[in-house]
Amino acid sequence: MEEDDNLIAMKGVWKKYGKLEVLREFNLMASKGQKLVILGPSGSGKSTVLRILMTLEGIDSGEVKIDGESLWTMNQNGIEAAADDAHLHRIRAKVGMVFQGFNLFPHMNALRNITEAMIHVLGVPKSEARERAMALLDEVGLAGRAEAYPWQLSGGQRQRVAIARALALRPKIMLFDEITSALDPELVGEVLNVLRKLARETDITMLIVTHHMSFAKEIADRVVFMDHGEILEDGRPEDVMKNPAHERTRKFLGTVLENV
Amino acid sequence: MIFDWRFALQILPELMRALLVTVQATLAGFAIALVLGMAWALLRRSKSVTFSRTVFWFVEFIRSTPLLVQVYFMFFALPEYGLKLSPLATGVAALGLHYSAYLSEVFRAGIEAVPRGQWEAARALNMSRYRTWTRVILPQAIPPVTPVLGNYLIAMFKDTPMLAAITVMELLQSAKLIGAQTFRYMEPLTLVGLLFLLVSLMSSFIIRRLENKFNTV
């Protein structure tokens with residue numbers, strides 16, 4: 001596969017928090033439309049991978065490319081320079097993210113949470129933004145809750161608004177960072193259903209960090225298993241889950257499967 | 001000496017005019033304090049360490065020196081450098097500057113109380129720095145600290161008699177003048193106290209209402 005076919009290309013990425021090495025010589029490629037599930041114990045660095053792609057974290061060394069363009073550096077009159085705000089802004093437009101803690105804006109209702117960036121970042125006219133937001137709310141099964149504020153919504157509903165909010169900017173890549181971990185068990189299903197639909201009906205490249213094994217198996221066309229900042233397994237879901245190459249993967253799958 | 005009610009009634013209109021000056025000075029001073037206080041709070045978050053340190057020490061300096069000294073300094077020392085303002089303008093500026101130091105701490109606390117996830121969501125939505133501040137962070141940072149701001153407003157109101165020191169015709173100065181002309185101090189000063197009490201109580205009441213409003217949301 002040509003390198004430029006990869007929507008995401010992380011090469012030799014090092015990331016440290018103080019002395020702790022979170023990513024070590026980390027490589028990850030993902031092609032357009034891929035539904036990639038990242039598994040791994042907590043502290044394995046899987047959330048960090050997503051946070052780097054969303055520019056919430058910088059890197060210590062290595063290279064990150066999104067849609068063929070370097071994320072943290074840019075070409076300035078033929079010289080490689082640190083990325084400026086405009087460069088980051090342009091590349092970030094291709095990526096959307098949904099967080100474990102929803103992070104909805106508490107002072108805006110569901111509709112405004114979705115239209116805010118549409119209007120003020122993309123410059124979509126208000127009436128059109130409103131229409132698109134209503135359609136998105138309908139997609140995630142919340143057509144009647146446009147006026148509701150986050151505190152009036154259940155966790156599952158909030159997370160579905162957050163998904164709609166990220167989708168509203170029409171990103172090529174969507175990052176899902178343990179989006180069901182803060183939810184009561186009975187609310188997990190409604191959120192995963194939205195992801196299923198997204199995976200089925202769109203060609204958005206999805207990177208999903210989750211602990212739901214059966215869901216991962218069902219939705220992913222590729223699974224990677226991370227531990228201590230490195231990828232140990234990478235392949236089709238049934239191969240990684242049934243015949244992992246590493247003892248650590250087997251151990252992890254064992255504990256997680258027991259808990260489901 | 002007996003409290004002379006008729007005399008008190010007679011001087012009330014003059015004191016009410018002085019009260020108006022006092023309230024105006026407070027409101028103008030507070031407006032300056034709000035703007036400067038927010039500016040300090042934002043500048044202290046500057047990426048340049050030298051810059052944010054400088055702002056920190058400047059604010060600390062203003063906060064740790066007496067208001068009366070600052071008032072005198074601005075009234076007597078600054079004109080030597082060509083900056084000559086009316087007594088009222090000088091007083092308002094001094095009040096505003098002094099209280100901006102306190103308010104910057106209040107704003108800082110409010111800003112820091114906004115969860116990190118809000119910043120991250122704004123960045124994930126590709127919002128500009130300006131939009132992030134004006135639409136996401138400040139609308140969440142300011143409402144919870146409004147009651148504290150209100151308390152500083154009352155404190156500033158009670159500090160306006162300092163301006164008497166530079167001849168501003170506020171309540172205390174006005175009462176002193178009446179006293180000097182009539183040799184009666186009991187009535188004007190009592191009225192000054194009562195007027196301060198009245199306005200402060202009304203303000204506290206409004207602030208408590210605000211507090212309740214923000215607690216319920």
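Worth a mention:
- The criterion of at least 3 residues that are open to solvent by 10 Å² or more (accessible area, probe 1.4 Å) and among the β-branched types (Val, Ile, Thr) is met by the following helices (runs of 4 or more DSSP H) wholly inside segment B:121-217: B:138-159, B:186-216.
- The set of residues from segment A:92-119 being more than 7 Å from every other protein chain (Cβ to nearest Cβ) and part of a strand (DSSP E or B) comprises A:Val95, A:Val98.
- Qualifying residue in segment B:68-81 (condition: assigned to a helix (DSSP H, G or I), touching a residue at least 40 places away in the same chain (Cβ under 8 Å) and open to solvent by less than 10 Å² (accessible area, probe 1.4 Å)): yes
- Restricting A:Leu88, A:Leu56, A:Leu122 to residues that are among the hydrophobic types (A, V, I, L, M, F, W, C), within 10 Å of another protein chain (Cβ to nearest Cβ) and surrounded by fewer than 16 Cβ atoms within 10 Å (Cβ to Cβ) narrows the list to A:Leu122.
Here is a yes/no grid of residues against (1) exposed (fewer than 14 other Cβ atoms within 10 Å of the Cβ); (2) at pLDDT below 95; (3) aromatic (Phe, Trp, Tyr):
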| site | (1), (2), (3) |
| --- | --- |
| B:Trp5 | yes, yes, yes |
| B:Ala8 | no, yes, no |
| B:Ile11 | no, yes, no |
| B:Glu14 | no, yes, no |
| B:Val21 | no, yes, no |
| B:Ala33 | no, no, no |
| B:Met38 | no, no, no |
| B:Ala41 | no, no, no |
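- Of all residues in segment A:134-156 being within 13 Å of another protein chain (Cβ to nearest Cβ) and touching a residue at least 24 places away in the same chain (Cβ under 8 Å), the one that is nearest to B:Ala124 (Cα to Cα): A:Pro150
- Note on segment A:13-53: residues that are within 14 Å of another protein chain (Cβ to nearest Cβ) and not polar (S, T, N, Q) total 4.
- Scanning segment B:177-207 for residues that are free of Cβ contacts under 8 Å to residues at least 24 places away in the same chain and out of contact with any helix residue (DSSP H, G or I) (no Cβ under 7 Å at 6 or more places or on another chain) yields B:Leu177, B:Ala180, B:Gln181, B:Phe183, B:Gly193, B:Leu194, B:Leu197, B:Leu198, B:Leu201, B:Met202, B:Phe205.
- Members of segment B:167-193 that are of a type in the set (A, V, I, L, M, F, W, C), under 22 Å from the mean Cα position of the chain (by Cα) and under 14 Å from B:Ile11 (Cα atoms): B:Leu171, B:Leu172, B:Val192
The values are calculated or read from the model by the stated rules, or taken from the named source; none is laboratory data. These numbers come from a predicted model, not from an experiment. For neighbour counting, all protein chains shown are included, and Cβ atoms are generated from backbone atoms with ideal geometry for every residue, glycine included. When the accessible area is computed, the model is the full protein with side chains, heavy atoms only, and any ligands, DNA or RNA have been set aside. Shrake-Rupley method; radii C 1.70, N 1.55, O 1.52, S 1.80 Å.
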